[in-house]
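The values are calculated or read from the model by the stated rules, or taken from the named source; none is laboratory data. Worth saying up front: this structure is predicted, and the values here are computed from it rather than measured. All Cβ positions, even for glycine, are placed from backbone atoms using ideal geometry, and neighbour counts span all protein chains on display. The protein model used for the area step is the full one, side chains on, heavy atoms only, and it has no ligands, DNA or RNA in it. Shrake-Rupley method; radii C 1.70, N 1.55, O 1.52, S 1.80 Å.
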Amino acid sequence: MAKMIFVNLPVADVVKSTAFYEAIGMKRNPTFSNDRASAMEWSDTIAFMLLDHAFYSTFTDKKIIDARTSSGALIALSFDSRDAVDAITEAALAAGGRELHDPENEPYMYSRAFEDLDGHGFGPFWMDMAAAEQALAPVNG
């Protein structure tokens with residue numbers, strides 16, 4: 001079995017959050033979804049589990065943060081082009097998300113940042129690894 005990542009996110013409204021994640025290009029896997037959770041596939045090996053607060057609470061005894069006012073994680077997503085970074089960010093904004101800052105535009109990297117409906121932060125980015133290694137070698141060497 002391939003190594004997989006399942007990112008569990010507490011959400012206030014599973015139906016609305018599912019629609020948001022579908023709007024940014026993810027597909028709901030009905031096998032692992034119900035009225036308390038949606039399994040949203042980003043790739044064959046990465047899924048975002050959108051869990052209502054009651055269900056999320058069964059996995060931890062810690063207080064669930066309000067991601068609109070506290071940061072618990074920032075999730076970076078790689079893309080093959082600057083256009084793809086813009087496309088997911090624009091889709092997120094059209095679906096009710098919020099842009100977090102101006103685009104970062106370096107010769108070797110392009111990134112943007114947005115929040116979902118519950119305030120979970122995403123940083124889609126494109127990077128030319130060869131150009132990044134060349135540009136950063138003097139700094140890191």
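Results, tabulated for the structure shown:
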| quantity | calculated |
| --- | --- |
| Fraction of accessible area attributable to carbon and sulfur, the range 1-112 (%, probe 1.4 Å) | 53 percent |
| For the chain, share of DSSP beta bridges that run antiparallel, in % to the nearest 5 | 60 percent |
| For the chain, accessible area per residue (1.4 Å probe, heavy atoms of protein chains only), Å² | 61 Å² |
| Compactness of the range 87-141, expressed as Rg and Dmax over alpha-carbon positions, Å | 13.9, 43 |
| Long-range HN-HN contacts of V7 with modeled amide H, under 5 Å | A47, F48, M49 |
| Charge-dipole axis of the chain as Lys and Arg at +1 and Asp and Glu at -1 on Cβ define it, positive-most pick from Y56, L74, G96 | Y56 |
| 11 Å beta-carbon shell around P103, net charge (K/R +1, D/E -1) | -3 |
| Where N is the number of residues in the range 47-129, Cα Rg divided by 2.2 N^0.38 Å | 1.23 |
| Distance in nm between pseudo-label sites at D44 and D83 (7 Å out along the Cβ direction from Cα) | 2.5 nm |
| Kirkwood hydrodynamic radius over Cα pairs of the chain, then Stokes diffusion coefficient at 4 °C and 1.567 mPa s, in µm²/s | 80 µm²/s |
| Heavy-atom accessible area order for L77, L136, largest first, 1.4 Å probe | L136, L77 |
| 3J(HN,Hα) from dihedral phi, the range 52-69, Karplus parametrisation 6.51/-1.76/1.60, rounded to Hz, x for glycine, proline | 5, 4, 4, 5, 4, 5, 6, 9, 8, 9, 7, 5, 7, 6, 8, 5, 6, 10 |
| Nitroxide proxy distance, nm - points 7 Å out along Cα→Cβ at H101 and H53 | 2.9 nm |
| Within the range 98-141: Cβ-based charge dipole about Cα centre, in debye rounded to nearest 20 (Lys, Arg +1; Asp, Glu -1) | 100 debye |
| Vicinal HN-Hα couplings computed from phi for the range 89-102 (Karplus, 6.51 cos²θ - 1.76 cosθ + 1.60; Hz; Gly/Pro x) | 5, 5, 5, 5, 5, 5, 8, x, x, 10, 6, 8, 6, 4 |
